[in-house]
Amino acid sequence: MSVSPSTSGLAYEPQNIEPKWQLLWEKADLFQNTPAQLTATSTQKNTAGRPSQKLFHLFAFAYPSGSGLHVGHVESMTALDILSRFQRMQGKQVYFPVGWDAFGLPAENYAIKTGVPPAKTTHDAIKTFQTQIKRLGISYDWANEIATNHPEYYKWTQWLFLQLYQKGLAYKGVGMVNWCPSCQTVLANEQVVNGQCERCSTDVIQKELNQWYFKITAYQDELISGLETVDWPNATKQQQLNWIGKKAGINIAYQVIDRAGQPLDSGETITCFTTRPDTNFGATFLVLAPEHTFAKKVAAGELAAAGVTSDQAQKVAVYLDSAKKKTELERQQEGRQKSGVFTGAYAINQLNNRKLPVYISDFVLGNFGTGAVVGVPGHDLRDFEFATQFGIEIIRVVKGPDGDISPIIKPNQVQEDAGVMINSEFLDGLEIMAAKAKIMDHFEAKGWGQRVTTYKLRDWLISRQRYWGAPIPIVYDPEGQAHPVKPEHLPWRLPEDVGFKPTGESPLKSSQEFIARTEKLYGKGWRPEFDTMDTFVDSSWYYLRYCDSRNTQEFASSERMSAWLPADLYLIGPEHIVLHLLYSRFFTKFLRDEGYFKFSEPFQKMRHQGMILGPDGKKMSKSKGNVINPDSIIAEFGADTLRVYEMFMGPLEADKPWDTRAVAGVARFLKRWFKAVTQALATAPTANQKITQSQRKLHQTLKKITEDLTNLKFNTAIAALMEFLNVWEAAPKTDPGFTREELSQIIRLLAPLAPFMAEELWSQWLSAADLTPDSQAPFVHQQSWPEFNPDLAQAEQVTIMVQVNGKIRGQFAVATDQITADEVIKTTAQSLPEIQKWLVDMSGATLPIKKIIYVSGRLVSLVV
RNA sequence: GCCGCGGUGGCGGAAUCGGUAGACGCGUAGGUCUCAAAAACCUAUGAGACUCAAAUCUCGUGUGGGUUCGAUUCCCACCCGCGGCACCA
């Protein structure tokens, strides 16, 4: 192909340059369809003839919202694009795919408001995003673009569901679920924020429903241990660990007793989970969650044998009813105020034969541990609060750190984490950790308890009573029995004849076609599952599909997945730490167990980009009017300026406010660079005899940029380029200037960061020498990365600082090759006149030097 | 309350196997060009003291201690901000 050299002269005009190269790159199919070119990494050669190595750079799937590309998208896309271009120039084979997390609520809510089908809204939004991204010069592999709402994609989402179903890892179950009255759908635990719906901030209520779950808990231990093998930010790993919430403790079974203090004939027991069995001599009561089966039995009047009167049973029933009606938010607003009711029943603590009254309170959670706790009010603040409120005895069994052994009457006396046991018979005198081990052994030996590990992680509720998602591929026979949709019926298509008015029921119920289709394929009286899947199901396996996005036989071939995954770099916002990342890891481990590939973690290296804030330092939002639109920045300054500015703002991971004036500073820098190069091209000598300061700076910069880009330190890389330009522009008029070869390096150096301008300068570089573009590699982005010369990258001389008693008092220069002459340098340092005056006392007498420290190439420290 | 991250000029930030604090950019001030303005370019720019000036000195990386010839960097205690979790037994 031919590339026409520019004739536009010296002025930098991004508005002319950028559309031109965008078009030519597109025509040339640059960097397209990479995964098809896999094959053995060691034999593969790129255009420059160097051995190739594969890299998978993953940008977090974007939701195609109607408001278009956000400057935050620009930040992370640009960072990955720079890295991709940089690595390609270094001979790596880089796969940098693009796709859309296209199912989801906003499009459906828009449909409810306007009647416009979500498919249309989504399609239009994607078009807008595509145009904006191409204008930015992001070198995506568009040939492998995917969208989760496409039947060829969600066919495999459904396939994945069925695989899980066949292995018993997708199941339907009844349970208390989070229900958003506004979105009219259930939510996963992960989608409830402060008792409110993550999307619309409506108070979430609890409902008992029969829903579909994925058994993520089957992998809970591996989800913990796998974190040790990946290169992720520590904070992220920590948060995942907290979410999984693994805890070691013991389940203790307390026998329920009758009025005479004898175990019930039914052998009824209440099992409590505790991590602090060491304090069990201080136990004075038991508390059950309202959902506990024993609580229900009491309410139903089934525990008369335990001495529960009908009056007490009645009170319990009332309490259970009121607890059920409370929203998550009401429960939180009560704060530490505790409600509860005595059941009338007692259990026995076999350690000391103490009778423990059994209470019910909603501060005990039904879904953690066993839903029942043993109350030790002296050493647990919640138990203390409950005991004081209900007048229950408090026993001290741990001595305070100050030796306090007085009765516990104030909350600040409640010793929770350290101390020595007292009032605990055979545990007395032991530190709590030792006591814990000893009593657990005791409980197990007696058969009263059993060591257990509990987890906070719950199974993943994936049913959604919404339209715009992948239908759950399940059909029910006339008896209501669930059956998987047959593989030949996939994709199990999302019907189009639905009403969008929220009714509290799944919108798919309104589809005649959906029901007719089910009856036709499966028989009269058969019904489809009307719920769709949580969109996190779609978006938690997309990186697998990327490897083989046009495969019609499989979700992706094993060969391709093994070749490209795990991803070498995943750049994703910190808001996805518990949801998407945990789910993705679960799917990966499951499919590995199914034998599709061998790796266990999908994302080997992950980093989080920070948030770009408005100029006011606050999160951008339409209501605050502080939103920066990338299109308007491109219109004013060009895409290269936008890219370089966003990378220059600060460290990638940090939140940083937008500074409108600083954008102009970056535009100035690019303009100066363009001018410097175009002017130099006109007079460039073919060879340069003398080594100049500018040359040294060039090679130092080449070295620095290579290091910084490798480490994702884009802001300091750009600062180094600016420094280089400052030195270049300040070079003496007598300097011979950079040679053609050096100018080529200077142009290539900028290519990853400012791809359009670099391409323009490259074409000028070629035409200045009457060269025609290489037909195999006509573009600057196909050239090799400039290597630095280590000799030239070294400074000619270094400044040695001289300290006297730790304070800087002078300095001198030394040739770089002389810095190992320790004795000479130490002597020179002492002989400096400005140092001499610090080496004498008030009377002028020379002070003895006690110690001389020389830090090679940096400083001499004199101690007197 | 628990877990994690952070605190450096007027602003964004740079420098942490301990070794010139403030790179680079923004802003500001003065200047060149211009009838004028913008743009562009040049110079200065942490605070303070002293000086005609040059030079020099003192202070300075959230606070208070410590280790060291030397601390933004390491240790201890605390304060503040941000993110996450939260009546999790």
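The values are calculated or read from the model by the stated rules, or taken from the named source; none is laboratory data. Predicted model, so just to flag it, every value in this text is computed and none were measured. Counting neighbours? That spans all protein chains shown, and the Cβs are built from the backbone with ideal geometry, glycine included.
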- [ ] Only residues in the stretch A:569-583 that are over 16 Å from residue A:193 (Cβ atoms) and touching a residue at least 24 places away in the same chain (Cβ under 8 Å) count as the first member; pair them with residues that are part of a loop (DSSP other than H, G, I, E, B) and hydrophobic (A, V, I, L, M, F, W, C), Cβ under 6 angstrom, at least 6 apart or cross-chain, and list the lot.
- [x] A:572/A:60
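So that you can scan it fast, the table gives a plain yes or no per residue for (1) within 16 Å of RNA strand B (Cβ to nearest atom); (2) of a type in the set (S, T, N, Q):
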position: A:533; (1), (2): no, no
position: A:547; (1), (2): no, no
position: A:551; (1), (2): no, yes
position: A:566; (1), (2): no, no
position: A:576; (1), (2): yes, no
Open item on the list: Here is a list: A:42, A:52. Which entry is of a type in the set (S, T, N, Q), crowded, with 19+ Cβ neighbours inside 10 Å and either at pLDDT 90 or above or more than 24 Å from residue A:674 (Cβ to Cβ) (or both)?
Closed with: A:52
Task: Subset tally (residues that are away from RNA strand B (no atom under 14 Å from the Cβ), more than 18 Å from residue A:251 (Cβ to Cβ) and not hydrophobic (A, V, I, L, M, F, W, C)) for the stretch A:349-397 - done: 8
Task: Residues located in the stretch A:638-685, provided they are part of a loop (DSSP other than H, G, I, E, B) and touching a strand residue (DSSP E or B) at 6+ places or on another chain (Cβ under 8 Å) - done: A:649, A:650, A:652, A:653, A:655, A:658
- [ ] Specify which of the listed residues (A:771, A:753, A:712) is assigned to a loop (DSSP other than H, G, I, E, B) and free of Cβ contacts under 8 Å to residues at least 12 places away in the same chain.
- [x] A:771
Task: Close pairs (8 angstrom Cβ cut-off, 6 or more residues apart or separate chains): touching a residue at least 60 places away in the same chain (Cβ under 8 Å) and over 26 Å from residue A:828 (Cβ atoms) in the stretch A:788-803, of a type in the set (Val, Ile, Thr) and within 16 Å of RNA strand B (Cβ to nearest atom) anywhere - done: A:788/A:706
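What helices (runs of 4 or more DSSP H) lie completely within the stretch A:432-548 and have 1 or more residues being modelled with pLDDT of 95 or more and under 27 Å from residue A:199 (Cβ atoms)?
Hits in the stretch A:432-548: A:512-522, A:535-539, A:542-546.
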Open item on the list: Name the residue that is surrounded by the fewest Cβ atoms within 10 Å (Cβ to Cβ), counting only residues in the stretch A:55-87 that are part of a loop (DSSP other than H, G, I, E, B) and among the aromatic types (Phe, Trp, Tyr).
Closed with: A:63
Task: Residues satisfying the stated conditions in the stretch A:398-425, i.e. of a type in the set (D, E, K, R) and either surrounded by 17 or more Cβ atoms within 10 Å (Cβ to Cβ) or within 12 Å of RNA strand B (Cβ to nearest atom) (or both) - done: A:399, A:416, A:417
- [ ] Could you list all residues from the stretch A:804-820 that are within 15 Å of RNA strand B (Cβ to nearest atom), without any contact (Cβ under 8 Å) to a residue 40 or more places away in the chain and part of a loop (DSSP other than H, G, I, E, B)?
- [x] A:819
- [ ] Filter the stretch A:686-706 for residues that are over 33 Å from the mean Cα position of the chain (by Cα) and either outside any helix (DSSP H, G or I) or free of Cβ contacts under 8 Å to residues at least 24 places away in the same chain (or both) and give the result.
- [x] A:686, A:687, A:688, A:689, A:690, A:691, A:692
- [ ] Just give me the residues in the stretch A:278-304 being of a type in the set (A, V, I, L, M), under 16 Å from residue A:357 (Cα atoms) and in a loop (DSSP other than H, G, I, E, B), in sequence order.
- [x] A:283, A:289, A:303
- [ ] Find the residue count for the stretch A:245-300, including only residues that are within 11 Å of RNA strand B (Cβ to nearest atom), of a type in the set (Lys, Arg), farther than 26 Å from residue A:426 by Cα and crowded, with 17+ Cβ neighbours inside 10 Å.
- [x] 0
- [ ] Among the strands (runs of 3 or more DSSP E) lying completely within the stretch A:115-226, list those that include at least 2 residues that are within 30 Å of residue A:333 (Cβ to Cβ).
- [x] A:170-180, A:185-187, A:205-214
- [ ] Specify which of the listed residues (A:185, A:128, A:121) is closer than 30 Å to residue A:28 by Cα and surrounded by 16 or more Cβ atoms within 10 Å (Cβ to Cβ).
- [x] A:128
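Filter the stretch A:677-699 down to the residues that are farther than 23 Å from residue A:762 by Cβ and not hydroxyl-bearing (Ser, Thr, Tyr), then identify the one that is surrounded by the fewest Cβ atoms within 10 Å (Cβ to Cβ). Spell out the reasoning first.
First pass over the stretch A:677-699, keeping only residues farther than 23 Å from residue A:762 by Cβ: A:689-693, A:696.
From the residues that got through so far, the ones that are not hydroxyl-bearing (Ser, Thr, Tyr) too are A:689-691, A:693, A:696.
Working: A:689: 6, A:690: 8, A:691: 12, A:693: 15, A:696: 18.
It comes out as A:689.
Matching residues to (1) within 16 Å of RNA strand B (Cβ to nearest atom); (2) of a type outside the set (Gly, Ala, Ser); (3) at pLDDT 90 or above; (4) surrounded by 11 or more Cβ atoms within 10 Å (Cβ to Cβ):
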| position | (1), (2), (3), (4) |
| --- | --- |
| A:779 | no, yes, yes, yes |
| A:786 | no, yes, yes, yes |
| A:800 | yes, yes, yes, yes |
| A:822 | yes, yes, no, yes |
| A:830 | yes, yes, no, yes |
| A:833 | yes, yes, no, no |
| A:838 | yes, yes, no, yes |
| A:841 | yes, yes, no, no |
| A:849 | yes, yes, no, yes |
Task: Single unsatisfied condition, residue A:640 versus (1) of a type in the set (Asp, Glu); (2) modelled with pLDDT of 90 or more; (3) within 14 Å of RNA strand B (Cβ to nearest atom) - done: (3)
